1. Go through the stretch 293-308 and count every residue that is assigned to a helix (DSSP H, G or I) and not hydrophobic (A, V, I, L, M, F, W, C).
2. Identify all residues within the stretch 46-67 that are under 22 Å from PHE101 (Cα atoms) and open to solvent by less than 30 Å² (accessible area, probe 1.4 Å); write none if there are none.
3. Take the residues in the stretch 179-222 that are free of Cβ contacts under 8 Å to residues at least 12 places away in the same chain and in a helix (DSSP H, G or I); name whichever of them is most open to solvent (accessible area, probe 1.4 Å).
4. I want to confirm something. Restricting to the stretch 156-166 and keeping residues that are at pLDDT 90 or above and not hydroxyl-bearing (Ser, Thr, Tyr), which single residue is farthest from PRO192 (Cα to Cα)?
5. Scan PRO233, PRO207, PRO214 and give me the residue that is farther than 18 Å from THR170 by Cβ and touching a helix residue (DSSP H, G or I) at 6+ places or on another chain (Cβ under 7 Å).
6. Considering only residues of the stretch 299-326 that are under 14 Å from the mean Cα position of the chain (by Cα) and either open to solvent by less than 40 Å² (accessible area, probe 1.4 Å) or over 15 Å from TYR118 (Cβ atoms) (or both), which is modelled with the lowest pLDDT?
7. Identify, from the list SER97, SER103, SER161, the residue that is under 30 Å from GLY63 (Cβ atoms), of a type in the set (S, T, N, Q) and either out of contact with any Ser or Thr (no Cβ under 9 Å at 6 or more places or on another chain) or buried (at least 17 other Cβ atoms within 10 Å of the Cβ) (or both).
Amino acid sequence: MEHPLCRLFSLLAGTLGLVFTAIEAPAQAYPARPVRLIVPFSPGGAADVPARILMQRLSETLGQPVVIENRPGAGSTIGADVAAKAPPDGHTLFWVSNTHFVSAALHRKLAYDALNDYAPVTQVTSAPNVLVVHPSLPAKHIKELVALAKSKPGQIDYASSGNGSTQHLTGALFCSMAGIRMTHIPYRGSGPVTADLLGGQVQVAFPGIAGMLPHIKSGKLRALGVTGARRSPELPGVPTIAEAGVKGYEMVAWFGISGPKALPRDIQMKLHGELLRVLKIPEMQKSLTAVGQEPAWQETPERFFDFLKVESAKWAKVVRDSGARLE
């Protein structure tokens, strides 16, 4: 006959087992329902397309749909606020980019801390822009553009997708480092920039590569340099701006994944592992490259956070030095 104490210990062990199972269940079950990715940009744009490509494959590996929720406006601050205030259970993620830190530098007060109110997962892509000019501009190389701008200070216009946008600050940094003065013309989005650039109403711009490829290949626009540290595989014959004469110049757009602050470590690491697995698939790399994005990641969330700290400081300085202001 079983001793009463043995029966008691048996019951206690069973009860504790159930408790520990209940505690572990949320992590083991993650994700328990569809995951939403807050993309703080309009659907179909250069910032939205790579997110959709990546999330389609991530849905397969997670076993739950990852649904894109576009929250555009105010330089990505609307979507950033939604993501920062979401429950930290891994079912809401944020498509973070350099625009996030540009906006933080431009706004005196935000409802969130751009660096510390998010749990970093990993960077996913990196994308240089390209310096393009209308063929009517008598400059076939960076040095010729710099010489022309020096001879006509303020008379050459460069367009951007908006005041304080990455395109604006990419151009502002170029002018600063090249020692020239061009006049910034802000537009409302990349579409109008492309239209007026093709029409010759503006002569210079620093847009993303993907949307410019057809116009460069057709000869409607001339590519003088890419803004990254190395040449783009999509434009192998185009030098970097640093190569072409503006030593030390580098400006790259990037995207990554973060969650709300206090995201559980096990969920953070699961997302990190799944994202790296997806990014290393050759077909995924080809798909991202086709839309002007180069796959990029950090080996740990902590390294991504270090990257974010550097980006935050860098963009704050670029905004400050450029004199950019909100309209």
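1. Taking the stretch 293-308 and keeping what is assigned to a helix (DSSP H, G or I), we get 301-308.
Filter again for not hydrophobic (A, V, I, L, M, F, W, C), leaving 301-303, 306.
Residues meeting the conditions: 4.
2. Scanning the stretch 46-67 gives ALA47, ASP48, PRO50, ALA51.
3. Let us first name the residues in the stretch 179-222 that are free of Cβ contacts under 8 Å to residues at least 12 places away in the same chain, namely 191-192, 195, 199, 201, 214, 217-218.
Now narrow it down to the ones that are in a helix (DSSP H, G or I): 191-192, 195, 199, 214, 217-218.
Numbers: GLY191: 52, PRO192: 57, ALA195: 59, GLY199: 48, PRO214: 80, LYS217: 154, SER218: 72 Å².
Going through the qualifying residues, I end up with LYS217.
4. Restricting to residues being at pLDDT 90 or above and not hydroxyl-bearing (Ser, Thr, Tyr), the top hit is ILE156.
5. Just one listed residue meets the conditions, PRO233.
6. Once the filter is applied, the top-ranked residue is TRP315.
7. Details: SER103 fails: under 30 Å from GLY63 (Cβ atoms); SER161 fails: under 30 Å from GLY63 (Cβ atoms).
The unique qualifying residue is SER97.
Quick grid of which residues meet (1) surrounded by fewer than 19 Cβ atoms within 10 Å (Cβ to Cβ); (2) farther than 17 Å from VAL121 by Cβ:
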position: SER232; (1), (2): no, yes
position: GLU243; (1), (2): yes, yes
position: ARG265; (1), (2): yes, no
position: GLU274; (1), (2): yes, no
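The values are calculated or read from the model by the stated rules, or taken from the named source; none is laboratory data. Computed from a predicted model, the values in this text were never measured in an experiment. As a convention, Cβ positions derive from the backbone with ideal geometry for all residues, glycine included, and neighbour counts pool all protein chains shown. When the accessible area is computed, the model is the full protein with side chains, heavy atoms only, and any ligands, DNA or RNA have been set aside. Shrake-Rupley method; radii C 1.70, N 1.55, O 1.52, S 1.80 Å.
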